[in-house]
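Single-structure report; data block below.
Bear in mind that the values in this text are calculations on the coordinates, not laboratory data. These figures come from a predicted structure and were not determined experimentally. Here the Cβ is made from the backbone with ideal geometry for all residues, glycine too, and neighbour counts use every protein chain on show.
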Amino acid sequence: MGKQRVLSGVQPTGTLHLGNYLGAIRNWVEDQNQYDNYFFIADLHAITVPHDPGQLADQTYALAALYLACGLDLEHTTIFVQSHISAHAELAWLFNCITPLNWLERMIQFKEKALKQGENVSIGLLDYPVLQAADILLYQADLVPVGEDQKQHLELTRDIAARLNFQYGSETHPILKLPEPLIRKEGARIMSLTDGTNKMSKSDPSEQSRITLLDTPDEIRNKIKRCKTDPVRGLSFDDPERPECQNLLTLYQLMSGQSKAAVAKECTDMGWGQFKPLLIEVMIEGLRPIQDRYTEWMTQKQELAAVLQKGKDKADAIASDTLGKVKDALGYSHPL
Ligand code: AMP
Ligand code: TRP
C-alpha cells in the first residue's frame with residue numbers, strides 16, 4: 001500500500017506566529033517522511049478580508065520560504081500556491097451548488113471574522129470553508145494536520161464529500177475520499193501572551209500578544225518579559241484557573257522538546273522571575289535556525305520560484321483528475 005496523503009495550508013497574511021508553528025507547521029515537518037505530503041499557500045483565502053494587492057505576491061513567496069525554513073523537505077513534500085491551480089476555485093463553485101447555506105452560517109470562524117469586518121463582509125468570507133473543502137478533497141487527502149480552530153471546517157469538508165458521494169456517486173464507487181483531521185493535543189491551541197483565554201492570532205491588533213517566527217531576540221525578550229502572568233508561586237500545567245501559566249509552560253515544553261512530565265517537574269517550585277529567562281532562551285535558540293534558513297531562501301528567489309513551479313505541476317495533475325471525476329459525476333459535457 002502507498003503512503004497516506006497529507007495536505008494542509010496557511011494563508012499568506014501577516015508573519016506566522018508560534019500558534020501557526022506549534023499548532024500546524026511543526027507537525028507537518030515532524031512526520032513528513034511517513035507520508036506523501038502536499039502543503040500549499042492559501043492565497044485565494046487571503047482575499048476573503050480586505051487585502052493589499054501590493055503585498056500579496058511578496059507574502060506568498062515569503063510564506064513559501066518560511067515553510068522551507070521550518071524544515072519541509074522536498075523529497076517528501078510538494079509545496080504549491082493555491083491560485084496557481086485553477087481547479088481549487090472551480091471545484092469550490094461546484095461545491096457551492098450542493099452546500100446548504102445554513103451549513104456555512106453556523107461556522108464559528110465566519111461569525112468571529114464577520115463581527116470584526118462590520119459592514120464589509122464579503123460572500124467570500126462566508127464561502128471560505130467551501131473553498132477549503134475543495135482544497136482538501138481535490139487531493140483525496142487522508143489526513144489534514146491543523147490547529148484546533150480548524151476542526152469545524154474539517155467536519156464541513158467531510159459533510160460536503162459525503163453529500164456529493166451520496167447524491168452523485170454510488171456506495172461502491174465514492175467520488176471523494178473523506179479526510180481525517182490531525183489535531184495534536186499539545187500546541188493545538190496556543191494562547192495570546194496578553195490574555196491566556198484568547199488564542200494567539202495574526203489579527204490581534206496588539207503585536208505584544210504574539211511571537212512571530214521572525215521576531216528578533218530583543219523582541220522575543222521584551223514580549224516574554226511583559227507577557228501576562230499571575231501572582232501565584234510555583235508553576236503547573238493543570239490549574240484551569242491559570243490559563244497563562246498553562247500556555248507559557250506549553251510553549252516552554254514544545255520549544256525545548258522536553259516531555260510534559262519533565263517540564264512539570266523542573267518548574268514546579270519556580271517563580272516567574274526564574275522561569276522567564278529559560279523560556280526566552282529556548283525561544284531565541286529554537287527560532288534562530290529557522291530565521292537563518294529563511295534569510296537564505298529569501299536571497300534565492302529563482303530557486304523558490306522553481307520549487308513552486310514544480311509543486312504546481314505535480315499538484316495540478318492530481319487536482320485536474322479529481323475535478324474531472326466530479327464534473328463527470330455531475331453530468332458535464334466534454335469539449336471535443
Ligand atoms: P491561519 O493563521 O488562520 O492561516 O492558520 C494556519 C494554521 O495555524 C491552521 O492550521 C490553524 O489551525 C493554526 N493556528 C492558528 N492559530 C493557532 C493557535 N493560536 N494555536 C494553534 N494553532 C493555530
Ligand atoms: N483555513 C485555514 C486557516 O485559516 C487555511 C486553509 C485553507 C487550510 N485551506 C486549507 C488548511 C486546507 C487545511 C487544509 O488556517
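Brief remarks on what is shown
- In plain terms, the residue of 40, 237, 95, 166 with the fewest other Cβ atoms within 10 Å comes first and the most crowded comes last, giving 166, 237, 95, 40.
- The trypsin sites (Lys or Arg not before Pro) of the stretch 229-332 that DSSP puts in a loop, and whose beta carbon has at most 12 other beta carbons within 10 Å, are 233.
- Sorted into 5 angstrom bins from 0, the C-alpha pair distances of the stretch 1-122 split as 2, 9, 16, 19, 20, 17, 11, 5, 1, 0, 0 percent.
- Between helix 87-96 and the chain there is an angle of about 80 degrees, using the helix long axis and the longest principal axis of the Cα atoms.
- Between the helical axis of 272-298 and the longest alpha-carbon principal axis of the chain there is an angle of about 40 degrees.
- Cα-based shape type of the stretch 51-182, given that a ≥ b ≥ c are square roots of the gyration tensor eigenvalues and the cut on a/c is 1.5: oblate
- Global form of the chain, assessed from the alpha-carbon gyration tensor, a/c cut-off 1.5: prolate
- Ratio Rg/Rh, restricted to the stretch 14-69 and using Cα atoms, in which Rh is the Kirkwood radius: 1.00
- For the stretch 135-253, alpha-carbon Rg over 2.2 N^0.38 Å: 1.46
- Within the chain, DSSP assigns beta bridges of which about 10% are antiparallel (rounded to the nearest 5).
- Global size of the stretch 236-282 as Cα Rg and Dmax, reported in angstrom: 9.6, 27
- Positive minus negative residues near residue 255 (Lys, Arg vs Asp, Glu; Cβ under 11 Å): -1
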